[in-house]
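Since the structure comes first, as structure tokens, the remarks are kept for the end.
The values are calculated or read from the model by the stated rules, or taken from the named source; none is laboratory data. Because the structure is predicted, anything quoted here is derived from the model rather than measured. Please note: Cβ atoms are built from the backbone with ideal geometry, for glycine as well, and neighbour counts cover all protein chains shown. Just the protein is used for accessible areas: all its heavy atoms, side chains included, with ligands, DNA and RNA removed. Shrake-Rupley method; radii C 1.70, N 1.55, O 1.52, S 1.80 Å.
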Amino acid sequence: MKFRLILLIASLIGFLLLLFRPLVGFYVDYLWYRDLGYLSVFLLRFKAEALLFLGVALSCGGLFFLHGLLVHRLASREAFWSRYLDPRLRTFLSEKFRGAFYLLTLLLALTFGLSARPLWQEALLALKGQPFGLKDPLLHLDVGFYIFQLPFLRYLGDLTLGLWMLAFLFGVLLFLAWGHLEGGGRLGIRLSLRFRKYLAVMFAFFFLRLAYVLFLDRARLLFEPGGVVFGAGYTEARVVLPALNALVILSLAAAVLSAVFVLRPRREILFGLVLGYALIYFLGLQILPGLVHRYVVQPNELDKERPYLAYEIRFTRLAYGLDRVTERAFHFGPPLKRKDLQEEAATLKNIRLWDHQPLLETYSQIQEIRTYYRFVSVDNDRYPIKGEPRQVMLSARELSYPDLPNRSWINLHLIYTHGYGLTLGVVNQVSPEGLPVLLIKDIPPRSAVDLKVTRPEIYFGELTGVYAVVNTRLKEFDYPAGEKNVYTTYHGKTGVRVGGLLRRLLFAYYFGTSKFLFSRDILPQSRILYHRQIRERVERVVPFMLVDEDPYLVIGRDGRLFWFVDLYTVSDRFPYSQPEKGLGNYVRNSALAVVDAYEGTVDLYLKDPQDPLVRTYQKIFGIFKPLSALRPDLRAHIRYPHRLFSLQAQLYARYHMTDPRVFYNQEDLWEIPKSPKDPRRYIRAYYTIMRLPGEKEPEFILMVPFTPAKKDNLSAWMCARCDPEHYGQMLVYRFPKQTLVYGPQQIESRINQDPGISRQISLWDQRGSRVILGTLLVIPVKGNLLYVQPLYLKSESGQIPELKRVIVVYGNQILMAKTLEAALESLFKPTPQEQVEESMKEGLRRFREGARRGWEYLRELYRQAEEALRRGNLQEFGKIWEEIGHFLEEAP
């Protein structure tokens, strides 16, 4: 008795220790979600997992237990081997069997219940899924069925198979143990009548489950490649689908006949079922599809597959948002003149001369200030500077914990808690030394324009993977100031309070350190900031969405810093849509997360409220706000995601062909040009500010050119509009097919063949420097194309790339100069008539300026005269009046 009690206590302690870590993790997560204001997401997920666990565990455990009791009652009889056992041993074995059966049922219920927990999202989507309003052309079901209901229904089919197999195995073993395998028959053995009836009932359930799975398997035809068509083609629609339908009907019939077998055992029934299944399976699913495809489809492939190709084109375009693309013809205008450059100054001022990698290296060398600061990436954005929209490139100065000189626990978690400020410069300004002109720089941030940073601390960023304890007795390191350091205290709203002894104990266990228990620096009102890395933080708030890999930093009007993170809804269950690795075959940039870099608050906004997936998530969680609720100064900085646009451009290069015949023959296949620097890689889409053809105002866009497949000339260019007024609109401008338009590789070849440029590059290479050719940009300007390529020089002993030259190509002219302005000035020199016109304009401008200043002086004298007269000072009035007279006499 004492042994059993000790064993029970030890088991209980072991069970509690086993659950302690998950319970601590649950409580710490609870505190984090509550602090951030998303407790509803955490609790709803917990409720869904708990209900799913209980529902599956109770149903599977209950069914298995009920099945066991019924089988035990049916199979119970005196087995031949039990006659040779002592009665007490038989009683002991019976009791042990009962205990083992209870334990097996419990373990089975727990196993099935735990396996169901990760499917909480599929269960919620199955219950709350919104219709797409679009039906597939094969089974005529709403697309929402495939995306929302089908995954969970398939799981139920797998669950029932696992439960059936375990129950069947248990039942068969029990019947065999009770001696239901008897002698006799042709083979010398036969099954008892009860055993045969049991098998008949179990096979009836098996066939019901098989009919259910086969019915769902019909949908699989829509998501698998089938020759020239992704999804069901001619063979799948005309042969495989009817065979699956026949197997569903046969499975239902088999279930009924198996039930009849219980009442009237007939051997023919078994043989008939086996023969029918074998015939339909091998003929309809294995032999006939191959024969039809080879002798019917292949000789007339285009004719047979035409409607199915049309389905693939249509549904792929819908799945990736390519149906929203508007195509326009690019009309070439008259040759550019000098005045055209003045009219298109907004475009030319925003041509990006700094590539991301050289600029990141330069920022790292001249602006990291200390070894423990690091710039992770450079982001493109736009800001109004001196009344003009300017494209800028900025990078956050984050704290790099691996680079701290002393990585003690106090330094890592209490003192060095945040990064500081950023570096920002316009995309085309270069200093005489070949370095970027910085508008915001240094520590603390100094701004050369009216763009101020008032809260430069970055507690939440891309490198903040370490938890921080703030509001302690120790001051936090803020920024270096010469020989001394400046210290600060965190004043944000977020952060989980340390609290009393119990919380300290839990945090000590969770973070794996005893410092929370014994450190005198940590106070009850101290706060812990954890899950500070931007992508991880957002992923925890929206675990059901795909988070973009490239957050970008935005400066608010109030000088605070915010991280913008694009969110995607994805699925791999969109019928007839071509899948992309890592994404599935449906994607939408449906939402935006805005994270305060100082406080870590996360706000979610809808970018595509028409997306049925995000509407379903909003119905379930209710955590998204309309985009109009985002502050106007921040809303002005939303941009089209680079990752999504690049994917859409790659797909549009093929799926712009909407005619099935053209698509089948790939007659008009495009591709994104290969990089001249690395033919294995494609040119990256780039952001710029320009005036689109037919538009009045310049705007921020993301663009990429296209070339015909295996050709180097340009065929079109594609852009996505980023400004809020036209956000998300995608345009494609086609070049005339009868006109040769040089592509990037052709322009690169022309540059390399230019004697002056090649000679200068060779000269630089021989002087211990390395020439780096930047990205070749294609810039449409008033019906013409400018090609611009920066040239960087990097010394072998130094680490700072310098922008030394800018190469501009227009028409048949190639020119290299120190700046873009100088290159354009040389390319578009004024004609004699234009020089006369400019001289006259300059003279008129000076005359008007002089006249304006004269009138202002005269107006001021008149005001002073009136003031003197009002005071009664006639002597002063006379002097001023005399001065007015002299001025009028001397005026021309």
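Modelled this way, with points 7 Å down the Cα-to-C-beta line, the labels at residue 754 and residue 287 are 7.1 nm from one another. Counting Cα-Cα pairs of segment 417-489 in 10 Å increments starting at 0 gives whole-percent bin shares of 17, 39, 30, 12, 2. Treating each Cα of the chain as one equal point scatterer and applying the Debye formula with no solvent, the log10 of I(q)/I(0) at q = 0.07 Å⁻¹ comes out as -0.82. Measuring nothing but protein heavy atoms, the accessible surface of segment 274-408 at 1.4 Å probe radius is 56 percent carbon and sulfur. Only lysine pairs 8 or more places apart or on separate chains count here, and in segment 397-496 those with Cα atoms under 22 Å apart total 4. In summary, the aspartates and glutamates within cross-link reach of residue 135, defined as a Cα separation below 17 angstrom excluding same-chain residues under 8 places away, comprise 312, 323, 572, 611. When nucleic acids and ligands are ignored and a 1.4 Å probe is applied, residue 571 ends up with an accessible area of around 20 Å². Taking the C-alpha atoms only, the angle from helix 267-280 to the longest principal axis of the chain is near 20 degrees. Explain nothing, just compute: Karplus ³J(HN,Hα) = 6.51 cos²θ - 1.76 cosθ + 1.60, θ = phi - 60°, for every residue of segment 374-387 in order, whole Hz, x for Gly and Pro. With the stated coefficients, segment 374-387 comes to 8, 9, 8, 7, 10, 10, 9, 7, 9, 9, x, 10, 6, x Hz.
Taking all protein chains as shown and a probe of 1.4 angstrom, residue 115 keeps an accessible surface of around 60 Å².
When the charge dipole of segment 669-810 is built from unit charges on Cβ atoms (+1 for Lys and Arg, -1 for Asp and Glu) and taken about the Cα centre, the candidate among 672, 685, 757 whose Cα reaches farthest toward its positive end is 757.
Return one whole number: the accessible area per residue of segment 497-592 in Å², for a 1.4 Å probe. Solvent-accessible surface per residue comes out at 38 Å².
State, to one decimal in nm, how far the label point of residue 324 lies from the label point of residue 46, with both points 7 Å from Cα in the Cβ direction. Once both label points are built, they end up 3.7 nm from each other. Here the alpha carbons of segment 475-562 define both size measures, Rg and Dmax, at 17.0, 48 Å. Proximity of backbone amide H atoms, modeled 1.01 Å from N, is registered between residue 479 and 486 at under 5 Å, excluding neighbours fewer than 5 places apart on the same chain. Exposure here means at most 14 other Cβ atoms within 10 Å; with GluC sites (Glu not before Pro) in a DSSP loop as sites, the longest stretch of the chain lacking them is 79-432. Using only alpha carbons, segment 342-485 has a radius of gyration to Kirkwood radius ratio (Rg to Rh) of 1.03. In terms of its Cα atoms, segment 687-750 spans 37, 22, 20 Å along the principal axes, sorted from long to short.
With unit charges on the beta carbons (Lys and Arg positive, Asp and Glu negative) and the dipole taken about the Cα centre of the chain, which residue among 869, 812, 795 sits farthest to the positive side? Highest projection toward the positive end goes to 795.
Shape class of segment 503-646 from the alpha-carbon gyration tensor: prolate, with a/c at 1.5 or above and a/b greater than b/c.
Measuring how big segment 714-825 is from its alpha-carbon positions, Rg and Dmax come out at 16.8, 51 Å.
For a straight C-alpha distance cut-off of 18 angstrom, the aspartates and glutamates reachable from residue 339 (same-chain residues fewer than eight places away being disregarded) are 697, 821, 825, 834, 837, 838, 842.
Potential lengthening of the chain between residue 864 and residue 302 amounts to 193.2 nm, from the contour at 0.36 nm per residue minus the alpha-carbon distance. What angle, in degrees between 0 and 90 and rounded to the nearest 10, separates the Cα long axis of helix 744-753 from the longest principal axis of the Cα atoms of the chain? The helix 744-753 is inclined about 50 degrees to the chain. Per-residue ellipticity at 222 nm from helix content only, as computed over the chain with -39500 (n - 2.57) for each DSSP H run of at least four residues, stands at -14500 deg cm²/dmol.
Segment 490-527 and segment 382-448 have their alpha-carbon centroids 31 Å apart. Of 349/696; 386/782; 674/737; 128/581, which ones are farther than 19 Å apart at the Cα? Cα-Cα > 19 Å for 386/782; 674/737; 128/581; rest within. Under the criterion of Cα pairs below 8 Å and six or more residues apart, the relative contact order for segment 210-254 equals 46 percent.
Exposure check, 1.4 Å probe, all protein chains in place: residue 407 carries approximately 130 Å² of accessible surface.
For the chain, the longest principal axis of the alpha carbon atoms and the long axis of helix 301-319 meet at an angle near 70°. Of the residues 276, 601, 729, the one whose Cα sits farthest towards the positive end of the charge dipole of the chain is 276 (charges of +1 on Lys and Arg Cβ, -1 on Asp and Glu Cβ, taken about the Cα centre).
Below 8 Å, C-alpha to C-alpha, sequence gap of six or more: please give me the relative contact order for the chain in percent. All intermediate terms of the calculation are to be shown ahead of the outcome.
On the way: 1381 pairs, mean separation 89.0, N = 892.
10 percent.
Converting the Cα gyration tensor eigenvalues of segment 623-715 into ellipsoid dimensions via √(5λ) gives semi-axes, longest first, of 31, 17, 14 Å.
What dipole magnitude, in Debye to the nearest 20, does the chain give about its Cα centre under +1 on Lys/Arg Cβ and -1 on Asp/Glu Cβ? Mind showing how you got there, number by number?
Working: 114 positive and 88 negative charges, 829 e Å.
It comes to approximately 3980 debye.
Distance from the alpha carbon centroid of segment 15-56 to that of segment 211-235 works out to 39 angstrom.
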